[in-house]
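Right, one structure below, let's go through it.
The values are calculated or read from the model by the stated rules, or taken from the named source; none is laboratory data. A quick note: this is a predicted structure, and the numbers were derived from the prediction, not measured. Backbone-built Cβ (ideal geometry, glycine too); neighbour counts: all protein chains shown.
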Amino acid sequence: MKSVIIIRHAKSSWDQPGVEDFDRPLNDRGKEDAPKMAARLQDRKVKIDAFIASSAKRARKTASLFIKEYGGEKEDIILLPELYLAGPDAFYDAIAKAPASANTIAIFAHNPGITEFANELTDVRIDDMPTCAIFAINVDIKDWKEFRDAKKEYWFFDYPKAV
């Protein structure tokens, strides 16, 4: 059994006119929400073996705040430029390349693709992945290359304002 934790980046800042979308940082709320959501994952006893993120600044920073809560180093985050504004196929490809030794992976990316991808996985539908939302599934596979065609099971959905 393997698990995929899909996480939309935390709230980003629009305070700096002229900054390219790719380079937008997190705002104060985003910097608060990410560690809180990581702690909620830990409260659920979710162990993450690999952190995979879009290389956009806000996704990298969200992943680094999560990995810090898990006691890891930001240098351990696997950055994939193809997850920036990705559609479902890019997510499937990223998962197929996940480390074989990982049983649970966390993927940090962007809307609208992350919501579209989450809605393809199970019968559970969400209108929109809010910032720093988490959509988690389990899948009975031995190798990540089997993920695309395997039956997925909804585990949980959580987001900062859910509490």
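Odds and ends about this structure:
- Of the residues 7, 67, the single one that is more than 17 Å from residue 148 (Cβ to Cβ), part of a helix (DSSP H, G or I), at pLDDT 95 or above and under 15 Å from the mean Cα position of the chain (by Cα) is 67.
- Members of the range 83-121 found to be within 18 Å of residue 144 (Cα to Cα), in contact (Cβ under 8 Å) with a residue 24 or more places away in the chain and charged (D, E, K, R), listed by number: 97, 120
- Positions within the range 15-55 being in a loop (DSSP other than H, G, I, E, B) and either closer than 14 Å to residue 131 by Cα or in contact (Cβ under 8 Å) with a residue 12 or more places away in the chain (or both), in sequence order: 15, 24, 25, 27, 44, 46, 47, 48, 49, 55
- Scanning the range 131-153 for residues that are assigned to a strand (DSSP E or B) and small (Gly, Ala, Ser) yields a single hit, 136.
- Only a single criterion out of (1) buried (at least 16 other Cβ atoms within 10 Å of the Cβ); (2) modelled with pLDDT under 95; (3) not basic (Lys, Arg) is not satisfied by residue 108, namely (2).
- Selection status of residue 102, on the phi < 0 side of the Ramachandran plot, assigned to a loop (DSSP other than H, G, I, E, B), of a type in the set (A, V, I, L, M) and in contact with an Asp or Glu (Cβ under 7 Å, 6 or more places away or on another chain): yes
- Scanning the range 7-22 for residues that are among the acidic types (Asp, Glu) and exposed (fewer than 12 other Cβ atoms within 10 Å of the Cβ) yields a count of 2.
- Residue within the range 54-62 that is surrounded by 22 or more Cβ atoms within 10 Å (Cβ to Cβ), touching a Lys or Arg at 6+ places or on another chain (Cβ under 9 Å) and of a type in the set (S, T, N, Q) present: yes
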